[in-house]
Amino acid sequence: MSQLAGRSVKSVATKAIWIRRAKAQSATARFSPELAGARPLLLLLLLILLGALLLLSLSLGSASIPFDQVASVLLGGEADRLAWTHIVLKFRLPKALTAIFAGMALGVSGLLMQTYFRNPLAEPFVLGVSSGASMGVALVVLTAGGVGGALLAGLGLAGDLLLTAAAGLGATLSMSLVLLVAIRIQSSATLLLLGLMFGYLVSAMVSLLLYFALPERIQAYINWTFGSFSGVTGEQLPVLAMIVLAGLLLSAALSKPLNALLLGEDYARSLGANLKWTRIGIVLATALLVSAVTAFCGPIAFIGIAVPHLCRGLLASADHRLLLPGTCLAGACVALCASIIAELPGNNLVLPLNVVTALMGAPVVMLVILRQVRGKL
Amino acid sequence: MKAPALQTRGLAIGYRRRAKDDITLASGLNLGLRAGELVGLLGPNGVGKSTLLRTLAGINKPLAGRVLLGDQDVALLTPLALARRLSMVLTVAPQPNLMNGYSLVALGRHPHSDWLGRLSAADRKTIAWALNAVDGADLAEKPLAQLSDGQRQKLMIARALAQDAEVMLLDEPTAYLDLPRRVETMQLLKGLARSAQRAILVSTHDLDLALRSCHQLWLMSDLGIKTGAPEDLVLDGAFGDTFDAAGIAFDKRVGSFVLDPPHGPQVSVSGAGDHAIWMRRALERSGYIPSDQAGAIEVAHRANGVGRWHLRINGRASTHTSIQALLNALEGERA
């Protein structure tokens, strides 16, 4: 008897949950049927996750710092030990913020490229901007004479600055080239092909430089290609932040034509989108975001291609007004996560960032995509 | 008569080629599309129907002449101003994943909404009206991935309606749909032209359907475009001139094409109703000429009896249970 009662209580409870859920869903639907099926509230969850990851990244590292100490430093106070305050403010905070900005930039630029080219394999680097950056770095690292080499070896910070400047210059040059092409070429497929070919061309030149370079120089170049969030100092951070924010604002302004582009270019035009300015806007935003990140952090792979897919799966929406903030938050979370793991907390060993992003992220994205496919069948 | 919503003045369409002569598909076109009218654009493949539609929509530039929306040149309108007055539906309905029916139709409000595409109460009213107009309210909350081609095309038409433009251009919107869906779509467009006072131009290969549902037809051939009421175009032979080719001919009596015009012996068919009609078609299909006069070969249908089909040929009578059996016997006797 009591067993029976127990079961019925349980089933009533389940039913109540289902009814509540259905009501909640239909309430959202009645308010805005375009969101039926989507999960916009996950944005809030992503924001909370980002906050938690930020705290975690400030606390974890070669030396672990308690959360309450991190919190008091963040709130303008002092940690129990002076070294802790120093570590958090001088090292870990700039690094975490760099990871956040880089993650946002890569996630959003990946989304822009995938939507514009209507290709799930598109990523921030398809336009060849990072190839330009790598060319700049390769030129400095591999061909620098005695002076440059001494600079790199002796003055660590100045060397980093030189690399950043070289990468930034290379990225800016290639970005101007792509923009010039984007202004003239109407077909997105042509633009994609030209970008890819440009990338191959530059990579070949870099390979040529590598082929004739000294082994220890090559190592320095390879280190740059691993990517890192730790090279950005507190003074450089505002520059990165400004460029990334400009790119993000431009992207936000493009969310309406981006939605129209989901139907293809012909339909987008018939819905009143100005294709030329949209194309220029998308290329400019991507170029700003990618060149800033590549200059300061190196060519960080995977985040740009994976985060948009992850977001579409999580938010169950194709609307860029959800996806843009979504890729921002998810990109930042993924980058922070990768940065924490690369540090191997409690250890002095540091893994290459690009190794971690792919090793950690690829399985997650595979899972999300497989779930999406299963849901469709 | 009202002034046309869309008209062309001396329009020439085709392709510009660099450092070579332009390819002109049609020239000297003076066409008019009026509100309240469904106009069918018919013509053989490759004659330039899509190019005409794209030129009317301002996507392709005219080689010569002008396209006017009201009194404004389409080429001089901004994309936004154009989208407020002219909407399009293309052959293939795109399938963006993770979008539901409502958000697809809501894209139609883009030319009217703010920079973020936010929907006002008035926008939502228009969207609901458009969804109801295509009888697609039940598709609103369904993901597009779960819909059929026909359902998605229906939503694309609703999206064009939601755009609230006076002129609607549709490029073979029914090409991938089955017959009932095609009939439904054309009826829908016909109704919308009248009820919503839209000027609708639809290109199609469905001659029969176009003849039955369009208020006007534009017949496009290599010689140019003939316009008029469907029946007038049939009677003055324009249909035949446009489409006749080896092996098919336009039959004015029934308003459709017949394959391999029959040339065999006459067969007299007696009886009335469906059975006689379909027997005639079977005979035609097999190369005989059905007739009403008595002749050497006679075929009749009787409602009772096991062998319902009666055949008399060369003075011999036989009965058969199906049209197929009768045709076989007829072939055998003639051989």
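The values are calculated or read from the model by the stated rules, or taken from the named source; none is laboratory data. Note that the structure is predicted; figures quoted are calculated from it, not measured. We place every Cβ from the backbone using ideal geometry, glycine too, and count neighbours over all the protein chains shown. Ligands, DNA and RNA are excluded from the accessible area calculation, which covers all protein heavy atoms including side chains. Shrake-Rupley method; radii C 1.70, N 1.55, O 1.52, S 1.80 Å.
In region A:247-261, of all residues being facing another protein chain (nearest Cβ under 9 Å) and surrounded by fewer than 22 Cβ atoms within 10 Å (Cβ to Cβ), the one that is nearest to B:Met88 (Cα to Cα) corresponds to A:Ser255.
With respect to the conditions (1) crowded, with 18+ Cβ neighbours inside 10 Å; (2) at pLDDT 90 or above; (3) away from chain A (no Cβ under 11 Å), B:Ser120 lacks only one, and its number is (1). Residue check: B:Gln293 meets all listed conditions (1) under 26 Å from B:Ala249 (Cα atoms); (2) open to solvent by 80 Å² or more (accessible area, probe 1.4 Å); (3) in a helix (DSSP H, G or I) but one, namely (3). Selection over region B:147-173 of residues that are open to solvent by 10 Å² or more (accessible area, probe 1.4 Å) and either away from every other protein chain (no Cβ under 14 Å) or farther than 10 Å from B:Gly101 by Cα (or both) gives a count of 9.
Pairs linking a residue in region A:262-284 that is farther than 24 Å from B:Asn100 by Cα and within 7 Å of another protein chain (Cβ to nearest Cβ) to a residue that is open to solvent by 10 Å² or more (accessible area, probe 1.4 Å) and part of a loop (DSSP other than H, G, I, E, B), with Cβ atoms under 6 Å and 6 or more positions apart or on different chains, do not occur. Every condition in (1) more than 7 Å from chain A (Cβ to nearest Cβ); (2) out of contact with any Asp or Glu (no Cβ under 7 Å at 6 or more places or on another chain) is met by B:Arg85 except one, and the failing one is (2). For B:Gly65, indicate whether it is under 19 Å from B:Gly224 (Cβ atoms), without any contact (Cβ under 8 Å) to a residue 12 or more places away in the chain and surrounded by fewer than 20 Cβ atoms within 10 Å (Cβ to Cβ). Against the criterion (under 19 Å from B:Gly224 (Cβ atoms), without any contact (Cβ under 8 Å) to a residue 12 or more places away in the chain and surrounded by fewer than 20 Cβ atoms within 10 Å (Cβ to Cβ)), B:Gly65 does not qualify. When B:Leu219 is tested against (1) touching a helix residue (DSSP H, G or I) at 6+ places or on another chain (Cβ under 6 Å); (2) in a helix (DSSP H, G or I); (3) open to solvent by less than 30 Å² (accessible area, probe 1.4 Å); (4) closer than 22 Å to B:Arg54 by Cα, exactly one condition is not met: (2).
Being closer than 27 Å to B:Arg109 by Cα, at pLDDT 90 or above and in contact with a strand residue (DSSP E or B) (Cβ under 8 Å, 6 or more places away or on another chain) holds for only one residue in B:Ala162, B:Ala199, and it is B:Ala199. Being part of a strand (DSSP E or B), touching a Leu at 6+ places or on another chain (Cβ under 8 Å), open to solvent by 50 Å² or more (accessible area, probe 1.4 Å) and at negative phi, is that true of even one residue in region B:256-264? Yes, there is a match, as at least one residue in region B:256-264 is part of a strand (DSSP E or B), touching a Leu at 6+ places or on another chain (Cβ under 8 Å), open to solvent by 50 Å² or more (accessible area, probe 1.4 Å) and at negative phi.
Checking the structure you have, find out if any residue of region B:92-100 is in contact (Cβ under 8 Å) with a residue 60 or more places away in the chain, surrounded by fewer than 16 Cβ atoms within 10 Å (Cβ to Cβ) and more than 8 Å from every other protein chain (Cβ to nearest Cβ). Yes, region B:92-100 contains at least one residue that is in contact (Cβ under 8 Å) with a residue 60 or more places away in the chain, surrounded by fewer than 16 Cβ atoms within 10 Å (Cβ to Cβ) and more than 8 Å from every other protein chain (Cβ to nearest Cβ).
With the requirement that a residue be assigned to a helix (DSSP H, G or I) and loosely packed, with under 12 Cβ neighbours inside 10 Å, what does region A:68-95 give you? If the condition is that a residue be assigned to a helix (DSSP H, G or I) and loosely packed, with under 12 Cβ neighbours inside 10 Å, then A:Asp68, A:Leu82, A:Ala83 are the ones that fit.
With the checklist (1) assigned to a helix (DSSP H, G or I); (2) at pLDDT 95 or above in hand, flag the one item B:Ala130 doesn't pass. All conditions are met except number (2).
Looking across region B:19-65, the residues that are assigned to a loop (DSSP other than H, G, I, E, B) and within 14 Å of another protein chain (Cβ to nearest Cβ) come down to B:Ala57, B:Gly58, B:Ile59, B:Asn60, B:Lys61. Note on region A:29-59: among residues that are small (Gly, Ala, Ser) and open to solvent by 40 Å² or more (accessible area, probe 1.4 Å), the one that is nearest to the other protein chains (Cβ to nearest Cβ) is A:Gly37. For region A:167-179, the count of residues that are in contact with a Leu (Cβ under 7 Å, 6 or more places away or on another chain) and small (Gly, Ala, Ser) is zero.
Under the condition of being surrounded by 15 or more Cβ atoms within 10 Å (Cβ to Cβ) and of a type outside the set (Gly, Ala, Ser), the residues counted in region B:10-20 number 2.
Residue check: is B:Asn132 surrounded by fewer than 22 Cβ atoms within 10 Å (Cβ to Cβ), under 30 Å from B:Leu207 (Cβ atoms) and either within 14 Å of chain A (Cβ to nearest Cβ) or not polar (S, T, N, Q) (or both)? Judged against the criteria, B:Asn132 is not a match. Only one of the numbered conditions (1) of a type outside the set (A, V, I, L, M); (2) open to solvent by less than 20 Å² (accessible area, probe 1.4 Å); (3) in contact with a helix residue (DSSP H, G or I) (Cβ under 6 Å, 6 or more places away or on another chain) is violated by A:Phe296, and that is (2).
The set of residues in region A:292-312 being more than 14 Å from chain B (Cβ to nearest Cβ) and among the aliphatic types (A, V, I, L, M) consists of A:Ala292, A:Val293, A:Ala295, A:Ile300, A:Ala301, A:Ile303, A:Ile305, A:Ala306, A:Val307.
Note on region B:68-82: residues that are without any contact (Cβ under 8 Å) to a residue 60 or more places away in the chain, more than 19 Å from B:Arg109 (Cβ to Cβ) and either of a type in the set (Gly, Ala, Ser) or in contact with a Cys (Cβ under 9 Å, 6 or more places away or on another chain) (or both) amount to 1. Determine whether region A:356-372 contains at least one residue that is surrounded by fewer than 24 Cβ atoms within 10 Å (Cβ to Cβ), part of a helix (DSSP H, G or I) and either of a type in the set (Lys, Arg) or touching a Lys or Arg at 6+ places or on another chain (Cβ under 8 Å) (or both). Checked region A:356-372: at least one residue is surrounded by fewer than 24 Cβ atoms within 10 Å (Cβ to Cβ), part of a helix (DSSP H, G or I) and either of a type in the set (Lys, Arg) or touching a Lys or Arg at 6+ places or on another chain (Cβ under 8 Å) (or both).
Of everything listed in (1) open to solvent by 30 Å² or more (accessible area, probe 1.4 Å); (2) within 11 Å of chain A (Cβ to nearest Cβ), the single unmet condition for B:Ser103 is (1).
Put simply, of A:Gly346, A:Gly331 the only residue that is touching a residue at least 40 places away in the same chain (Cβ under 8 Å), of a type outside the set (Val, Ile, Thr), open to solvent by less than 10 Å² (accessible area, probe 1.4 Å) and more than 14 Å from every other protein chain (Cβ to nearest Cβ) is A:Gly331.
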